[in-house]
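Note sheet for the following structure.
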Amino acid sequence: MALPPFVTVTGAIATVLITVIALRLTSYWWSLIFHWRRYRRREEVTTAELSRIDLPHLKVQITTRGSEGSTEVILRGIEAVLRLADESPRLYRDHLSVEVVTENPEQALAVERRFVGAPIVVDTLGVPADYATPNGTKLKARGLHLAVERRREGWNIKEQRTFIVHFDEESVMLPAELRKLFKVLASTSAMVLEGPIYYPLEYASAGALCQAMEANRPAGCFECRKVMEEGMPLHLHGSNLVVDEAFENRIGWDIGLLDGEAFIAEDYVFGMNAFLEGGSEVFGWHGCVMLEQPPFSVRSAFKQRHRWIFGVLQGVAMARRSPRFGELPARLRTSLVLGTWFRVGTFAAGAVAAVTAWVGLPFIAAVTVVDLVIDEPLPVNPWLAGWMAVVGMLWLGSVVLGAVLNVTYAPMTSARREVEVLRALAVAPVAGGIESAAGLWALLQWWTGVRTVAWKPTPKTTTADAAANAAPAWALAGASTERTHA
């Protein structure tokens with residue numbers, strides 16, 4: 001029995017897109033199977049061991065707009081750092097500190113008051129409303145560059161080699177991982193390093209679709225490991241980003257504007273600037289785990305994914321206009337641009353592949369059943385069906401892997417963890433289609449000339465999430481009609 005023409009067409013489209021996506025999935029699994037030992041640090045490191053090492057200074061920097069709900073999650077992250085300091089105040093007083101850079105003066109005061117008398121320095125830096133960088137940089141990079149300017153002037157300067165560990169508002173690094181990080185940084189020659197991020201915090205407060213979306217991210221860090229070790233800045237996430245302070249001060253975060261609009265993915269732009277300044281050898285992978293939390297609602301998750309893709313598109317456009325980028329060998333320029341576009345394209349292609357599959361699969365299944373009953377040749381080539389099954393297992397396997405890593409740190413029983421992993425697996429087809437749709441929407445906006453952006457951090461509490469998402473449905477996208485603010 002022949003398939004309807006529209007099913008044949010949609011099936012062909014889905015097959016091509018899924019095959020392209022499979023190339024990226026294969027890179028995840030290749031990294032996992034052959035290099036899993038380098039993904040994260042597993043050896044235990046004690047404070048006693050660190051006391052016998054020539055340690056660098058570690059500055060935990062949290063840069064925030066200071067929006068509703070952010071203070072309580074920032075305090076949570078700082079308290080985790082202080083748990084390490086409590087193990088040996090005498091040792092860590094000279095090697096560990098915290099800096100909060102915020103646009104909210106009340107938040108700065110609240111943090112200062114909370115940690116008066118802490119075993120290590122917890123400092124705050126308020127971003128003045130009238131502060132402007134030389135290049136007119138806005139959004140998060142504006143606060144990041146203010147910190148650079150203050151350090152160039154001597155703010156919290158240290159005698160020993162110093163690294164800045166960049167936290168998002170909700171980031172938490174447990175004492176065991178911070179000890180491992182100290183040991184790595186004590187001997188590294190790299191100046192820009194990253195590590196894996198898991199998403200167990202407030203896990204139960206997130207919806208099932210959001211949990212499934214976050215399951216893709218730890219598996220994606222297998223690819224991040226490869227990118228960082230090879231020194232090709234196709235991707236850089238702004239948290240669990242560790243930068244040598246002298247190198248960061250040299251580069252700065254004064255990234256300016258693109259056609260009058262602020263950069264929404266300052267981390268990608270910084271990575272490209274770091275590459276242009278120091279080459280591939282400045283990058284590395286520290287392998288120490290950071291914990292964060294999923295968005296609480298589908299709308300927040302959609303906006304977040306939209307910002308990622310839109311920001312990377314801005315960064316690629318910036319790089320291609322840079323005279324320094326133009327001085328690179330043509331082959332290297334092509335690898336950087338096409339490599340980034342491949343990542344963006346495969347992310348967005350998932351939405352088209354999902355829709356075409358959802359349209360075509362019911363018809364294919366029905367015709368297959370009929371052909372089996374009447375003993376006719378099956379409508380789909382068995383080899384093609386087998387290939388689709390393999391790709392499906394690669395994808396679902398990455399979802400299971402990511403979900404397991406996420407719930408490992410969540411406060412729940414083993415039985416509950418198993419249920420959560422199965423639930424993430426069950427809703428993965430829908431969740432994957434939604435987050436890929438965010439990437440596709442960003443691409444469509446970019447191609448049609450919609451370039452206005454705003455810094456709208458993902459809400460950090462359920463209350464803040466409900467308030468932020470009270471806007472009408474048409475405001476779903478991350479880039480909005482709101483102009484960028486100073």
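Numbers below:
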| quantity | calculated |
| --- | --- |
| Selection status of Arg113, modelled with pLDDT under 95 and under 21 Å from the mean Cα position of the chain (by Cα) | no |
| Residue within segment 301-312 that is modelled with pLDDT of 90 or more, buried (at least 23 other Cβ atoms within 10 Å of the Cβ) and touching a Cys at 6+ places or on another chain (Cβ under 9 Å) present | yes |
| Hits in segment 135-166 (condition: small (Gly, Ala, Ser) and closer than 13 Å to Glu103 by Cβ) | Ala141, Gly143, Ala147 |
| Answer from Ser239, Ser171 - the residue that is touching a His at 6+ places or on another chain (Cβ under 8 Å), open to solvent by less than 40 Å² (accessible area, probe 1.4 Å) and either farther than 30 Å from Asp254 by Cα or touching a residue at least 60 places away in the same chain (Cβ under 8 Å) (or both) | Ser239 |
| Condition met for Thr71 (on the phi < 0 side of the Ramachandran plot, in a helix (DSSP H, G or I), at pLDDT below 90 and polar (S, T, N, Q)) | no |
| Residue list for segment 217-233, restricted to those being over 11 Å from the mean Cα position of the chain (by Cα) and open to solvent by 30 Å² or more (accessible area, probe 1.4 Å) | Lys226, Glu229, Glu230, Met232 |
| Matching residues in segment 160-192 - criterion: being under 14 Å from the mean Cα position of the chain (by Cα) and outside any loop (DSSP other than H, G, I, E, B) | His166, Phe167 |
| Segment 191-216: number of residues that are within 22 Å of Phe270 (Cα to Cα) and open to solvent by less than 10 Å² (accessible area, probe 1.4 Å) | 6 |
| Candidates Ala132, Ala141, Ala118, Ala108 - the one that is open to solvent by 40 Å² or more (accessible area, probe 1.4 Å) and small (Gly, Ala, Ser) | Ala132 |
| Condition met for Glu159 (closer than 27 Å to Lys180 by Cβ, surrounded by fewer than 17 Cβ atoms within 10 Å (Cβ to Cβ) and either at pLDDT below 95 or of a type in the set (Phe, Trp, Tyr) (or both)) | yes |
| Tally of residues being within 29 Å of Val289 (Cβ to Cβ), in a helix (DSSP H, G or I), open to solvent by 50 Å² or more (accessible area, probe 1.4 Å) and out of contact with any Phe, Trp or Tyr (no Cβ under 9 Å at 6 or more places or on another chain) across segment 409-466 | 12 |
| Set Gly284, Gly256, Gly279: member being surrounded by fewer than 21 Cβ atoms within 10 Å (Cβ to Cβ) and under 22 Å from Leu405 (Cβ atoms) | Gly284 |
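This table checks each residue for (1) part of a loop (DSSP other than H, G, I, E, B); (2) more than 30 Å from Ser398 (Cα to Cα); (3) among the small types (Gly, Ala, Ser).
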| position | (1), (2), (3) |
| --- | --- |
| Trp29 | no, no, no |
| Phe34 | no, no, no |
| Ile53 | yes, yes, no |
| Glu79 | no, yes, no |
| Leu82 | no, yes, no |
| Asp94 | yes, yes, no |
| Ser97 | no, yes, yes |
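The values are calculated or read from the model by the stated rules, or taken from the named source; none is laboratory data. Fair warning: this is a prediction, and the values are worked out from it, not measured in the lab. For neighbour counting, all protein chains shown are included, and Cβ atoms are generated from backbone atoms with ideal geometry for every residue, glycine included. To get the accessible areas, we keep the full protein, side chains included, count just its heavy atoms, and leave off ligands, DNA and RNA. Shrake-Rupley method; radii C 1.70, N 1.55, O 1.52, S 1.80 Å.
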